[in-house]
Each structure stands twice: as structure tokens, then as C-alpha cells.
Amino acid sequence: MATYVTLNDVFQGRVESLTVRRLLLAGVEAFWRDGFHASSTRDIAKRAKLSPAAVYVHFKAKEDLLYNIIRYVAQHLRDRLREAADKGGDPTELLIRLVHAYVALPARMYKASLVANREFSSLTASQRKQIVKIRDELEEIVGNCLTAGKASGEFSFDDLSLTRMAVVSLCRSTLLWYSPRGRFTPEEIGDHYVHLVLGMVTSRADGTQRGQGVFPRHTLVRAGVGP
């Protein structure tokens with residue numbers, strides 16, 4: 001089974017300063033509960049158990065704190081998809097790994113992922129441009145997999161751009177309804193979405209699609225996401 005790190009692990013792997021990591025975590029909590037504009041830097045510092053001016057000691061503005069939260073989370077997802085692509089295997093195995101990670105990883109970082117989606121418009125224009133570049137890379141990784149699968153005959157679809165957007169949109173939509181208190185874990189949702197996506201892009205010789213509950217479980221195991 002693929003493993004997913006915590007938000008604290010993500011920040012620890014990218015930020016050396018313990019104080020900055022505490023501010024990032026406090027920022028996630030504040031922005032998730034109250035929204036970006038309603039969250040004060042004093043409240044964020046209080047949540048981090050630091051002095052009232054702590055945010056401005058380490059960040060030029062509140063927008064910079066938000067930007068770094070979104071950037072680190074987006075970079076982590078991009079890096080995980082790159083790792084999935086680098087593992088090799090056939091396009092079907094790769095697509096399984098990509099979809100599973102694209103669904104389960106943001107759900108495991110539910111609060112930070114929601115902040116990234118809801119507060120994107122609160123970033124400056126230059127900051128939004130940098131985040132869009134990372135998101136474009138995510139779509140490119142998925143698109144490259146789909147292209148390889150169609151070339152090998154494993155996938156069947158008419159338009160690459162539409163299919164890529166459909167797959168990416170499905171993965172991203174999890175955060176619209178997911179709740180940590182729900183009956184499905186992020187990994188279980190990832191498994192389910194894998195079947196949905198495979199049903200969208202794979203076909204048998206008789207023209208029927210291989211959808212949920214039909215695609216062999218051993219293929220998920222071979223791809224590295226099964227138990």
C-alpha cells in the first residue's frame with residue numbers, strides 16, 4: 001500500500017526553521033476555520049504560541065504565509081506524481097498510481113488542501129502565476145500517461161485535452177465532499193476513483209469498458225496501491 005506523509009512532515013521536509021513550521025501549521029488552521037481575510041496575524045501567532053509580531057518577522061505579509069502553504073502542498077503533490085511516473089511499468093499501472101496519489105494525498109491533508117483551493121484568489125497575481133505553473137505540471141504528468149496509454153493501445157479516448165481535464169477534475173473534486181469523519185478513508189476513495197478513471201479510458205476488444213468492480217485487483221497491487 002502506498003503511504004502518505006502528514007502535513008507536518010511536508011513542512012519539515014521543506015522548511016528548516018521550527019518557528020516557521022509552527023507558523024505554517026497555525027496559518028493552515030486559522031485560514032481553514034476563519035478564512036484568509038478574517039484571520040489576523042496576531043491570531044496566527046497566538047495559535048503558534050509565538051509573540052504577536054512573529055508572522056512579520058518571518059514573512060513580508062500574510063499573503064506570503066498563505067503562498068508558502070499553498071506552494072509547499074502543491075510541490076509535494078507534484079513531486080509524488082513525478083515519483084509515481086519514475087517507477088516505470090505500463091501506462092495502466094502508472095495511471096493507477098497517479099490517480100490514487102492525486103486523490104488520497106490531498107484528502108490526507110484535508111485542511112491545507114481546502115485552504116489552497118478556497119484561498120487561491122487571495123494570493124497576489126505573481127504568486128497565483130507560480131502556483132498555476134505547478135498545477136500545469138500535474139496536468140502534464142497525467143497527460144503524458146494518457147498519451148502513452150493511447151499509443152500502446154491500452155487506452156481508448158477521442159480527445160486528449162478533454163480526457164486529461166476529466167481525469168484531473170475528478171481527482172480534484174474529492175475535496176468538494178470529503179470529510180475525515182466520513183465512512184471512507186482517503187485510500188479507499190483513491191481505490192474507487194482508480195476504477196472510475198480506468199472505466200473512462202480503457203476498453204476491451206469487444207468495445208465494452210472495464211469499470212468499477214471489473215478491473216482486476218491484482219493490477220492495483222502490481223501498481224503499488226493495493227494491500
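Structure notes:
- Among 96-107, 75-86, the peptide with the highest mean count of other Cβ atoms within 10 Å heads the list, and the full ranking is 96-107, 75-86.
- Candidate lysines for bridging to K46, where Cα separation is under 21 Å - those fewer than 8 sequence places away on the same chain excluded: K60, K62, K111
- Förster radius 41 Å - calculated FRET efficiency between K46 and M165, Cβ distance, rounded to 0.05: 0.50
- A cut-off under 10 angstrom between Cβ atoms defines the neighbours of H37, and their net charge, with Lys, Arg +1 and Asp, Glu -1, is -1.
- Relative contact order [Cα under 8 Å, 6+ residues apart], the chain, whole percent: 23
- Neighbourhood charge, 11 Å Cβ-Cβ cut-off, centred on E140 and excluding it, Lys, Arg +1 and Asp, Glu -1: +2
- Where the chain is the region considered: accessible area per residue in Å², 1.4 Å probe: 49
- Rolling a 1.4 Å probe across all protein chains gives E140 an accessible area of roughly 110 Å².
- Euclidean distance of C-alpha centroids, the stretch 74-122 and the stretch 1-67, integer Å: 21
The values are calculated or read from the model by the stated rules, or taken from the named source; none is laboratory data. On a predicted model such as this, the values are computed, not experimentally measured, just so you know. Neighbour counts are summed over all protein chains in view; Cβ atoms, including those assigned to glycine, are modelled from backbone coordinates with ideal geometry. Protein only, heavy atoms only, side chains kept; ligands, DNA and RNA dropped before computing areas. Shrake-Rupley method; radii C 1.70, N 1.55, O 1.52, S 1.80 Å.
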